[in-house]
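Asks: Here's a structure for you.
Values quoted throughout were computed directly from the atomic coordinates according to the rules given, and no laboratory measurement underlies them. What you are looking at is a predicted structure, and each value in this text was computed from that prediction instead of being measured. With ideal geometry, Cβ positions are generated from the backbone for all residues, glycine too; neighbour counts draw on all protein chains shown.
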Amino acid sequence: MAIPVLVSAELFPWNDLNGTMLPDSVNALNSELKSFFDGKVGLVINTGGDGGNVTDVTTVYGTGLPEQVAFVQATVVVGFAGDITLDAARELAASFVREHSKQFNHIAVEVLDPATVPTPGA
């Protein structure tokens, strides 16, 4: 059973939104996740190449800028598979937050306990 992981990131300023920016940015986030976790854990991303693992899109106000700017933030769901404990999954997720690239600002990761996640149809 995979351990579900929610990854939220500010993608781009809201005023810059046009065309395929949202799916392109989500795909870039998924690629960054694949690259970072490659060789560290079995990563499950069910996207079909279209960013279908997005669970939430919202607007947040970016911080650390000279002014408050509205950003598009997306949350994607991935899974850590294989022989990994919940504590190890949380530490690995925290390492991504500490070491992620500069492409995305303000990344947050939440590792869920599979025992507390309801199953579809339950």
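Asks: Just to verify a number: FRET efficiency for Val69 and Ala28, C-beta to C-beta distance, R0 = 22 Å, to 0.05?
Replies: So the FRET efficiency works out to roughly 0.65.
Asks: Can you give the convex hull volume per residue for the Cα atoms of region 1-58, as a whole number of Å³?
Replies: 91 Å³
Asks: Where does helix 86-99 land angle-wise versus the long Cα axis of the chain, in degrees 0 to 90, nearest 10?
Replies: 30 degrees
Asks: What distance in nm lies between label points placed 7 Å from Cα along the C-beta direction at Val97 and Asn18?
Replies: Taking the simple label geometry, Val97 and Asn18 are separated by 3.5 nm.
Asks: Shifting gears a bit: State, as an integer percentage, the relative contact order of the chain based on alpha-carbon contacts under 8 Å between residues 6 or more apart.
Replies: This gives 42 percent for the chain.
Asks: P(r) tail for the chain, what percent of Cα pairs lie past 19 Å?
Replies: 48 percent
Asks: Continuing with the same structure: Under 14 Å from a point placed 7 Å out from the Cα of Asp56 along the Cα-to-Cβ direction: which residues of region 1-33 have their backbone N that close?
Replies: It comes to 5-10, nothing else.
Asks: A further question follows. By how many degrees, 0 to 90 and rounded to 10, does the Cα axis of helix 21-37 deviate from the longest principal axis of the chain?
Replies: 40 degrees
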